[in-house]
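Engineer: I have a structure I would like to understand better, so I am pasting it below and will then ask my questions one at a time.
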Protein chains: 2
Amino acid sequence: MKSDLDALMETKDLDAILVTGPAQHNPDMFYFTGGIHLTQGTLIKKRGEEPVLFYSPMERDEAAKTGLKSISSAEYNFQEFLKEAGGDVSQATVLIYKKKLEDVSITSGRMGIYGMRDVGIVFGIFTALQKLLPELEIVGEVSYSMLLEARTTKDTEEVEHIRAMGQITVEVVGRTADFLKSHKAKDGVLVKEEGQALTVGEVKRKIDMWIVELGAENPHGTIFAIGRDAGVPHSVGTPEDYLRLGETIVFDIFIQEKGGGYHYDFTRTWCLGHATEQAQALYDDVLAVYRQIMDQEVKVNAPGKLLQARTNDLFEELGHPTSRTDPKTQEGYVHGLGHGLGLDVHERPALGATATDKDILRQGVVVTIEPGLYYPERGMGCRLEDTIYVQPDGKIEILADYPLDLIIPIED
Amino acid sequence: MKSDLDALMETKDLDAILVTGPAQHNPDMFYFTGGIHLTQGTLIKKRGEEPVLFYSPMERDEAAKTGLKSISSAEYNFQEFLKEAGGDVSQATVLIYKKKLEDVSITSGRMGIYGMRDVGIVFGIFTALQKLLPELEIVGEVSYSMLLEARTTKDTEEVEHIRAMGQITVEVVGRTADFLKSHKAKDGVLVKEEGQALTVGEVKRKIDMWIVELGAENPHGTIFAIGRDAGVPHSVGTPEDYLRLGETIVFDIFIQEKGGGYHYDFTRTWCLGHATEQAQALYDDVLAVYRQIMDQEVKVNAPGKLLQARTNDLFEELGHPTSRTDPKTQEGYVHGLGHGLGLDVHERPALGATATDKDILRQGVVVTIEPGLYYPERGMGCRLEDTIYVQPDGKIEILADYPLDLIIPIED
């Protein structure tokens, strides 16, 4: 978490970090600025010191809301730097970066760079800056960066943000269940008042509206997949599909705070009216594994590798193929047990095949637990997912409660 | 436009381009892939050849929708590259990029890189790649990149996307006007059925819901600013504000296609019930300049610099300060006349202070025209904005029609 930053910088031998890009929909910048509206900012932190935020003068009120030490970019007169750069706009931009770094006394050592931004601009600026400041090693971390590592454990304020998204999630899921129940069935599909079949696209449009009404956003979309689509973990569902009774519907919703902040991640599997025998059996197996993992395996300091191995064991014992027994299988249990969640939907720790020795359920992590089974050729799939928090005392907390029930009752 | 790519690459002496990042909410990648769902892709194009898209095998159906020549990343076995890299994950990633470039015969010349992505990953990968391929110069364009220049003119298919967002925009604006009209006034503010005052936050929530209902998204938010906020061009409005009669409301809406595609940009200024004398005079001046510019100045091949100069002339003739007469003024006409619009809200050509000789109303450009006046200390501001298209025959077309009226009638 944020309080670990200096220690992590020391471990990674970083003397400074620089974060760039807008403050919204940019996890590493949001982490420091808390969701204010900055079109473009630069945040620089020396190890052992507070960060400094450089902002555009038009956005001074927003910058002030962060409570960070901040400096207006108006202090750096572009025309003067342009003159110094002989009229070269790119070089002038680089000279301003150099001056900002000098002004916060960063001209040597190792500096990591972070944030989401245009690739060409980043490469152009930082390769030129590297030449101007040969004593300063500019470091681009390609995998599991220092900031991603800091973000792996959450402080209580961050958990409150995630919990709030959890509350909106279960409200939206409840409204969706009520909306489906409010329809009648005809010829095996849900129909509207006028007698026309309801479609997956219409359900998703309603879900999007409720998410907005409750004050969140949904930049990554929602999975609402029925039948064969439910059997393909990456299918988001087909808008023209009808709501057919008895078939499995995988409903996976991963909303975000408005402005690009914290997420929640949640999945239920539903059958409308009744479940086919096959669907019920599939659900029973996933529920059994979900309960076994949640009750017996998910505990503080459990390694991600072990959790995935145990999930594989349990599904294999029930007679299902897994991607451990056959890496190319598209049937059975074909993905990881879960993943860290925060400003990105997918963070660390990893609880799947990519888990390393670093991926453990430490105090402070927020992760999803999402066992599932997929049989596309049999037209079905099932996943049950909740987001959990490993509290500072080591207790495990599901951050939003919602029944695991399979059947949504429908009037004939 | 896209058909200019090879010529522009030649002008910029680029033998190849590489675009990276997701396919959604990533303008340069969206430009080639048209809004499919790719979590992470790499597109490489040699000058004079068709682009090649590298995709994750799980997203093969999405990649196929593009109609592009495409190659699955499964062709590049990570474990083998990891072995070659001596277990170094970052180096293995770099080796895969190198192999992909070799497989499309790009190992020398100049290659520009584009897209939105994590800064550390980009810098780490491409500085290492540059060392491995010394014959290939990797180019990061810091300002007005080749792709931004291609995107400056739109083909008819792109214009249809923008026009569709224009239709949704005017529908939402019409609903907003009707919603305001459906309220009564009490003690000088709009009130709800229960007698409580309506707030700006409630209006914005409605706007967000209609945008979603009509199938678009609103990732950048909406400006709905009344009184003093209307006098500050960058204020998005205060959620707790009441809807006070007679004061100017600046309503600036810039929605985007769902999945991060094309935008529309549109502003009206409204007074509820009646306008104060000052507000009416302010509006009359902005409307006069809007009409003069639209009718007399906006024509094919008009230079952006000239359009801004004429707008300054007109406002100054009416007795208003401008940022030309006083660069630090916060009163009068304080911004540019407009900007190109497409996959980004702000593209080229620029029609303001930053306009260069390249910024002209060529056939195919889509730009906003948005004169405005701001008097924060007098508690008012006014802006009128439409998005126009310079057709291939040179005719100017406003892409979505909506009345310019100031007054929204309100029952007492």
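Engineer: Nearest 100 Å² is fine: how much accessible area is buried between B and A, summed over both sides, with a 1.4 Å probe?
Structural biologist: Numbers: alone 18400 and 18400 Å², together 33320 Å².
Counting protein atoms only, the buried area is about 3500 Å².
Engineer: Express in whole angstrom the spacing between the alpha-carbon centres of region B:11-38 and region B:302-325.
Structural biologist: So the two Cα centres are separated by 37 Å.
Engineer: Using a Debye calculation, one point per C-alpha and no hydration shell, please list log10 I(q)/I(0) for region A:62-107 at q = 0.13, 0.17, 0.22, 0.33 Å⁻¹ in order.
Structural biologist: Treating every Cα as an identical point scatterer, log10 I(q)/I(0) equals -0.35, -0.55, -0.78, -1.11.
Engineer: Right, next: Report relative contact order for region A:2-150 in percent, whole number only (criteria: Cα-Cα under 8 Å, sequence separation at least 6).
Structural biologist: On the way: 237 pairs, mean separation 37.4, N = 149.
Dividing the mean separation by the residue count of region A:2-150 yields 25 percent.
Engineer: Determine the shape class of region A:178-307: with a ≥ b ≥ c the square roots of the Cα gyration tensor eigenvalues, call it rounded for a/c under 1.5, and otherwise prolate if a/b is greater than b/c, oblate otherwise.
Structural biologist: It comes out oblate by the Cα gyration axes.
Engineer: Enter the accessible area of A:F179 (Å², nearest 10), with the probe set to 1.4 Å and all protein chains included.
Structural biologist: About 40 Å², ignoring ligands and nucleic acids.
Engineer: Continuing with the same structure: In nm, to one decimal, how far is the modelled label at B:Q363 from the one at B:Y402, with both set 7 Å along Cα→Cβ?
Structural biologist: Between B:Q363 and B:Y402, the simple spin-label model gives 3.1 nm.
Engineer: Within 10 Å of each Cβ in peptide A:215-222, how many partner chain Cβ atoms are there on average? Round it to a whole number, please.
Structural biologist: 3
Engineer: Probe of 1.4 angstrom, ligands and nucleic acids ignored: what's the accessible area per residue over region A:2-150, in square angstrom? Don't skip to the end; give the middle numbers.
Structural biologist: Values: 6290 Å² over 149 residues.
Per residue, region A:2-150 has an accessible area of 42 Å².
Engineer: For region A:2-150, just say rounded, prolate or oblate: build the C-alpha gyration tensor, square-root its eigenvalues into a ≥ b ≥ c, call rounded for a/c under 1.5, and beyond that prolate if a/b exceeds b/c, oblate if not.
Structural biologist: Note, shape of region A:2-150 comes out oblate.
Engineer: Given a 1.4 Å probe and heavy atoms of the protein chains only, how would you sort A:R110, A:R47, B:R291, largest accessible area at the top?
Structural biologist: Largest accessible area first, the residues go B:R291, A:R47, A:R110.
Engineer: What 222 nm value per residue comes from the helices of chain B, counting each DSSP H run with n ≥ 4 as -39,500 (n - 2.57) and dividing by all residues, nearest 500 deg cm²/dmol? Intermediate results must be reported in sequence, preceding the final value.
Structural biologist: Numbers: 11 runs with 132 residues, N = 412.
-10000 deg cm²/dmol, from helical runs alone.
Engineer: Also, quick follow-up: So for the pair A:E157, B:E160, with labels modelled 7 Å out along Cα→Cβ, what separation do we get in nm?
Structural biologist: Computed distance between label sites A:E157 and B:E160 equals 5.0 nm.
Engineer: Separate question: Give me the percent of accessible area attributable to carbon and sulfur for region A:2-150, probe 1.4 angstrom.
Structural biologist: Working: 3040 of 6290 Å².
The C+S portion of the solvent-accessible surface of region A:2-150 is 48 percent.
Engineer: Report the gain in length on full extension from B:H346 to B:E411: 0.36 nm times residue separation, minus Cα-Cα distance, nm rounded to one decimal. Could you put the intermediate results ahead of the total?
Structural biologist: Details: separation 65, 0.36 × 65 = 23.40 nm, distance 3.87 nm.
Between B:H346 and B:E411, full extension yields an extra 19.5 nm.
Engineer: A follow-up question, please. Any idea how far the Cα center of region A:336-359 sits from the one of region B:86-148, in Å?
Structural biologist: 27 Å
Engineer: Additional query: Which residues in region A:133-162 have a backbone N closer than 17 Å to a point placed 7 Å from the Cα of A:A7 along the Cα-to-Cβ line?
Structural biologist: Answer for region A:133-162: A:146-156.
Engineer: In region A:128-147, whose amide N lies under 14 Å from the spot 7 Å out along Cα-to-Cβ of B:S90? List them in ranges.
Structural biologist: A:137-147
Engineer: Do you know the relative contact order of chain A, to the nearest whole percent, from alpha carbon pairs under 8 angstrom that are 6+ apart? Let's see the in-between values first.
Structural biologist: Details: 869 pairs, mean separation 61.9, N = 412.
Over chain A, the number comes to 15 percent.
Engineer: Over the Cα atoms of region A:171-221, how large are the radius of gyration and the largest Cα-Cα distance (Dmax), in Å?
Structural biologist: Both quantities, over Cα of region A:171-221: 12.2, 37 Å.
Engineer: Can you tell me the relative contact order of region B:41-110? Whole percent, Cα pairs under 8 Å, sequence separation 6 or more.
Structural biologist: Reported relative contact order: 21 percent.
Engineer: Can you give the Rg/Rh ratio of chain A, where Rg is from the C-alpha atoms and Rh is the Kirkwood radius?
Structural biologist: For chain A, the value is 1.05.
Engineer: OK, next. Using the 7 Å Cα-to-Cβ label point, sort the distances from A:D88 to its equivalents in the other copies shortest first and give them in nm to one decimal.
Structural biologist: Sorted ascending, the copy-to-copy spacings read 2.9 nm.
Engineer: List, in order, the whole-Hz ³J(HN,Hα) value for each residue of region A:267-276 obtained from phi through the Karplus relation with A = 6.51, B = -1.76, C = 1.60 and θ = phi - 60°; use x for Gly and Pro.
Structural biologist: Here the 3J(HN,Hα) series is 9, 10, 10, 10, 10, 8, x, 7, 10, 5 Hz.
Engineer: If I take R0 = 41 Å and measure r between the Cβ atoms of A:A288 and B:E202 in this structure, what FRET efficiency does the formula 1/(1 + (r/R0)^6) give, to the nearest 0.05?
Structural biologist: Plugging the Cβ-Cβ distance into 1/(1 + (r/R0)^6) gives 0.30.
Engineer: May I ask you to derive the FRET efficiency for B:D326 and A:T107 from their Cβ-Cβ distance with R0 = 51 Å, giving the value to the nearest 0.05?
Structural biologist: 0.85
Engineer: Ok, one more. If eta is 1.306 mPa s and T is 10 °C, what Stokes-Einstein diffusion coefficient results for region A:118-171, Kirkwood Rh from Cα pairs, in µm²/s?
Structural biologist: After rounding, the answer is 108 µm²/s.
Engineer: Taking square-rooted eigenvalues a ≥ b ≥ c of the alpha carbon gyration tensor, is the protein assembly as shown rounded, prolate or oblate, where a/c under 1.5 means rounded and, failing that, a/b exceeding b/c means prolate?
Structural biologist: oblate
Engineer: Say R0 is 56 Å: what FRET efficiency, to the nearest 0.05, do A:E277 and B:H274 get from their beta-carbon distance?
Structural biologist: 0.20
Engineer: From the P(r) of region A:65-185, could you give the percentage of C-alpha pairs in the tail past 23 Å?
Structural biologist: 56 percent
The values are calculated or read from the model by the stated rules, or taken from the named source; none is laboratory data. Since we're looking at a predicted model, the values are computed, not measured. So basically every Cβ, Gly included, is an ideal-geometry build from the backbone, and we count neighbours across all protein chains shown. Please note that ligands, DNA and RNA were not included when accessible areas were found on the heavy atoms of the full protein model with its side chains. Shrake-Rupley method; radii C 1.70, N 1.55, O 1.52, S 1.80 Å.
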